[in-house]
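Trainee: Quick one: structure below, then a few questions.
The values are calculated or read from the model by the stated rules, or taken from the named source; none is laboratory data. What you see is a predicted model; the values in this text were computed from it and never measured. All Cβ positions, even for glycine, are placed from backbone atoms using ideal geometry, and neighbour counts span all protein chains on display. Just so you know, the surface numbers come from the protein's heavy atoms only, side chains and all, with ligands and any DNA or RNA stripped out. Shrake-Rupley method; radii C 1.70, N 1.55, O 1.52, S 1.80 Å.
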Amino acid sequence: MPRVKLQSPTSGVILQQTTVPASITARQGEDVPLPADVTVEYLAVSKGQSLKKGDVILQLDSEELADTLAAAKVQLSQQQAQYASLTASHPVDASGVSGAQTALTQAQQDYERAALRAQIAVDDASVQQQKAQREYDTATQTLDTLQNQAQTMATPEQAQVDQAQQQVDAAAAALEAAERALRDAKLSQEDALLSAQRTVDNAETALAQAGSSYDQAKQDAGLAVQSNSADAAALNLQIQDTETQIVQLEQLLQTDGKVTAAYDTQVLLCNLQQGAPCPAGAALQLSAPDTSLAAQFTLPEEEAGRLTAGHPVTIRQGQSNVQTTVQMVSPADGDGNCQVTDELPQNIAGSIVPDSAAQAEITFSRNEYRVCLPTSAIRQDSSGNFVLTVQQRQSTFGITNLAMRIPVTVVETDSTGQYTAIEEVVEGPVIVSADRAVREGAAVRIES
């Protein structure tokens with residue numbers, strides 16, 4: 001005979017909730033600038049620690065601070081000198097173009113003078129040729145006259161004829177010499193002009209080459225200016241960083257290397273070790289003034305879809321718990337998960353620590369029902385859901401407890417699967433567990 005346990009239906013609340021891991025981060029943090037490679041003589045804080053204004057955080061080696069400051073000042077001087085060199089003006093040398101232009105002008109003037117001198121020589125030779133031509137014509141005419149007289153029986157003296165012939169011969173020789181001189185003058189003119197033109201052409205070529213070289217030099221200078229400007233801009237940023245570093249080092253030396261909290265805050269990051277040098281990069285971060293903490297957790301898209309802004313969430317961390325609300329639900333990622341972000345109150349400093357393990361407890365629904373049972377009491381077959389109650393029957397052997405079927409309609413089961421609400425009112429207790437299978441109408445033994 002099956003042994004069973006009974007439990008009476010009661011009114012109750014069915015909860016749909018879940019608990020998931022949550023990460024706690026500060027909304028806003030501020031890096032505390034520390035000089036790299038300077039030794040931390042004393043470290044008074046650790047990650048997650050709350051600080052009051054004026055609390056000592058750490059102390060640095062003052063001698064190393066002084067050495068670092070001196071090196072930074074030397075570096076600044078070098079950077080400033082390099083910056084001055086990059087931004088200095090370097091005009092392009094135009095003397096080559098100027099010299100070539102002067103040479104061309106001189107060549108053109110020489111050409112004009114050579115042309116003038118050659119033309120004068122040609123003109124003089126032409127005048128002498130024309131004079132010789134006239135004298136030759138006169139002598140020829142005189143000779144012709146004397147010879148004509150001889151034909152008309154006018155008998156000229158032979159001496160006159162001979163003299164006229166001599167004058168013709170002399171004039172012919174003079175004319176030939178004058179014509180030769182004219183030809184020579186014209187040839188000399190051509191040679192002089194050709195030579196002078198070559199000089200002008202050479203000067204023009206030299207000027208063109210000088211202009212091309214000047215243009216190329218200007219282009220190269222322009223590219224150099226652009227490159228120098230880019231380098232100068234980058235260097236200027238480095239100078240600003242160095243100047244900021246110098247100011248910070250001087251401030252640290254004024255406090256003998258001691259760093260204190262400037263306001264009530266919390267340590268968000270501390271990658272420092274006492275007796276070790278400060279690492280490069282961010283090593284100490286404090287929460288900014290009036291900053292808040294954020295809790296983030298991941299839910300399946302189906303569950304996240306049931307949340308809206310303002311939905312209550314409980315954040316638990318160790319013995320601490322904080323009530324907060326949903327601020328934002330991100331779209332589902334490729335795996336069908338959504339990220340939920342809550343903003344924690346600002347007055348919880350010290351109770352919830354950033355970057356430490358926490359849990360988010362979310363209640364999706366809370367419904368009250370008149371009839372609730374342990375889920376183990378709900379049974380199912382081809383006819384639907386039902387519960388088994390126990391009824392007593394009198395027989396020849398005495399009183400027998402019989403399992404009786406009562407159909408039920410399931411309304412809601414809680415998220416843990418432990419309790420279920422039903423529509424029907426069930427009189428009396430129902431079977432919630434048994435040591436073996438129980439069928440309708442079977443005799444059972446009730447255990448207390």
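Trainee: Considering only region 182-198, state which residues are more than 13 Å from Asp123 (Cα to Cα) and small (Gly, Ala, Ser).
Mentor: Matches in region 182-198: Ala192, Ser195, Ala196.
Trainee: Here's another thing I want to ask about it. Please enumerate the residues belonging to region 82-104 that are touching a residue at least 12 places away in the same chain (Cβ under 8 Å) and open to solvent by less than 70 Å² (accessible area, probe 1.4 Å).
Mentor: Selection gives Leu86, Val92, Ala94, Gly96, Val97, Gly99, Ala100, Ala103, Leu104.
Trainee: A further question on this structure: Given the residues Ser330, Ser320, which is the only one that is on the phi < 0 side of the Ramachandran plot, of a type in the set (S, T, N, Q) and in contact with a Cys (Cβ under 6 Å, 6 or more places away or on another chain)? Please lay out each step first, then the result.
Mentor: Values: Ser320 fails: in contact with a Cys (Cβ under 6 Å, 6 or more places away or on another chain).
Matching residue, one of Ser330, Ser320: Ser330.
Trainee: Can you go through Ala294, Ala224, Ala232, Ala280 and tell me which one is more than 30 Å from Val40 (Cα to Cα) and modelled with pLDDT of 85 or more?
Mentor: Numbers: Ala294 fails: modelled with pLDDT of 85 or more; Ala224 fails: modelled with pLDDT of 85 or more; Ala280 fails: more than 30 Å from Val40 (Cα to Cα).
Residue meeting the stated conditions: Ala232.
Trainee: So which residues in region 2-50 are in a strand (DSSP E or B), touching a Ser or Thr at 6+ places or on another chain (Cβ under 9 Å), closer than 30 Å to Thr265 by Cβ and open to solvent by 60 Å² or more (accessible area, probe 1.4 Å), if there are any at all?
Mentor: Pro21, Glu30, Glu41 - these are the residues of region 2-50 that are in a strand (DSSP E or B), touching a Ser or Thr at 6+ places or on another chain (Cβ under 9 Å), closer than 30 Å to Thr265 by Cβ and open to solvent by 60 Å² or more (accessible area, probe 1.4 Å).
Trainee: What are the pairs, 6+ residues apart or on separate chains, where a residue within region 437-448 that is of a type in the set (S, T, N, Q) has its Cβ under 9 Å from a residue that is open to solvent by 40 Å² or more (accessible area, probe 1.4 Å) and modelled with pLDDT of 90 or more?
Mentor: Between residues of region 437-448 that are of a type in the set (S, T, N, Q) and residues that are open to solvent by 40 Å² or more (accessible area, probe 1.4 Å) and modelled with pLDDT of 90 or more, the close pairs are Ser448/Lys5.
Trainee: Please determine, by comparing only the residues of region 297-325 that are of a type outside the set (Ser, Thr, Tyr) and in contact with a Pro (Cβ under 8 Å, 6 or more places away or on another chain), which one is surrounded by the most Cβ atoms within 10 Å (Cβ to Cβ).
Mentor: At the first step, the residues of region 297-325 found to be of a type outside the set (Ser, Thr, Tyr) are 297, 299-307, 309-313, 315-319, 321-323.
Restricting the remaining residues to those that are in contact with a Pro (Cβ under 8 Å, 6 or more places away or on another chain) gives 297, 322-323.
Values: Phe297: 23, Val322: 20, Gln323: 11.
Out of the qualifying residues, it is Phe297.
Trainee: Failed condition for Arg393, given (1) farther than 15 Å from Gly12 by Cβ; (2) in contact (Cβ under 8 Å) with a residue 24 or more places away in the chain; (3) basic (Lys, Arg), with all others met?
Mentor: Of (1) farther than 15 Å from Gly12 by Cβ; (2) in contact (Cβ under 8 Å) with a residue 24 or more places away in the chain; (3) basic (Lys, Arg), only one is false for Arg393: (2).
Trainee: Here's a follow-up. On the given criteria, is Asp67 acidic (Asp, Glu), open to solvent by 80 Å² or more (accessible area, probe 1.4 Å) and within 30 Å of Ala36 (Cβ to Cβ)? Let's see the steps before the verdict.
Mentor: Values: acidic (Asp, Glu): yes; open to solvent by 80 Å² or more (accessible area, probe 1.4 Å): yes; within 30 Å of Ala36 (Cβ to Cβ): yes.
Against the criterion (acidic (Asp, Glu), open to solvent by 80 Å² or more (accessible area, probe 1.4 Å) and within 30 Å of Ala36 (Cβ to Cβ)), Asp67 qualifies.
Trainee: Which of the strands (runs of 3 or more DSSP E) contained wholly in region 375-428 include at least 1 residues that are over 18 Å from Ala443 (Cα atoms) and open to solvent by less than 50 Å² (accessible area, probe 1.4 Å)? Working first, answer last.
Mentor: Working: elements: 379-381, 384-395, 398-407, 410-413, 419-422.
Answer list for region 375-428: 384-395, 410-413, 419-422.
Trainee: Taking region 208-262, which residues are open to solvent by 70 Å² or more (accessible area, probe 1.4 Å), polar (S, T, N, Q) and in contact with a helix residue (DSSP H, G or I) (Cβ under 8 Å, 6 or more places away or on another chain)?
Mentor: Across region 208-262, the qualifying residues are Gln209, Ser213, Gln238.
Trainee: Test Asp124 against the criterion of being more than 35 Å from the chain's Cα centre (by Cα), outside any helix (DSSP H, G or I) and over 30 Å from Leu293 (Cβ atoms), and give yes or no. Outline the logic, then answer.
Mentor: Numbers: more than 35 Å from the chain's Cα centre (by Cα): yes; outside any helix (DSSP H, G or I): no; over 30 Å from Leu293 (Cβ atoms): yes.
For Asp124, the condition - more than 35 Å from the chain's Cα centre (by Cα), outside any helix (DSSP H, G or I) and over 30 Å from Leu293 (Cβ atoms) - is not met.
Trainee: Which condition from (1) modelled with pLDDT under 85; (2) open to solvent by 70 Å² or more (accessible area, probe 1.4 Å) is the one that Arg117 breaks?
Mentor: Only one criterion in (1) modelled with pLDDT under 85; (2) open to solvent by 70 Å² or more (accessible area, probe 1.4 Å) is unmet by Arg117, namely (1).
Quick grid of which residues meet (1) more than 34 Å from the chain's Cα centre (by Cα); (2) at pLDDT 90 or above; (3) among the polar types (S, T, N, Q):
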| site | (1), (2), (3) |
| --- | --- |
| Ser287 | no, no, yes |
| Glu303 | yes, yes, no |
| Arg316 | yes, yes, no |
| Ser320 | yes, no, yes |
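Trainee: Are any residues in region 328-338 surrounded by fewer than 16 Cβ atoms within 10 Å (Cβ to Cβ) and in contact with a Ser or Thr (Cβ under 8 Å, 6 or more places away or on another chain), and if so, which ones?
Mentor: Going through region 328-338, the residues surrounded by fewer than 16 Cβ atoms within 10 Å (Cβ to Cβ) turn out to be 328, 330-331, 333-337.
Across region 328-338, the qualifying residues are Met328, Ser330, Asn337.
Trainee: Taking the conditions exactly as written (at pLDDT 90 or above and more than 30 Å from Ile422 (Cα to Cα)), does Ala26 satisfy them or not?
Mentor: Values: at pLDDT 90 or above: no; more than 30 Å from Ile422 (Cα to Cα): yes.
The answer is no for Ala26.
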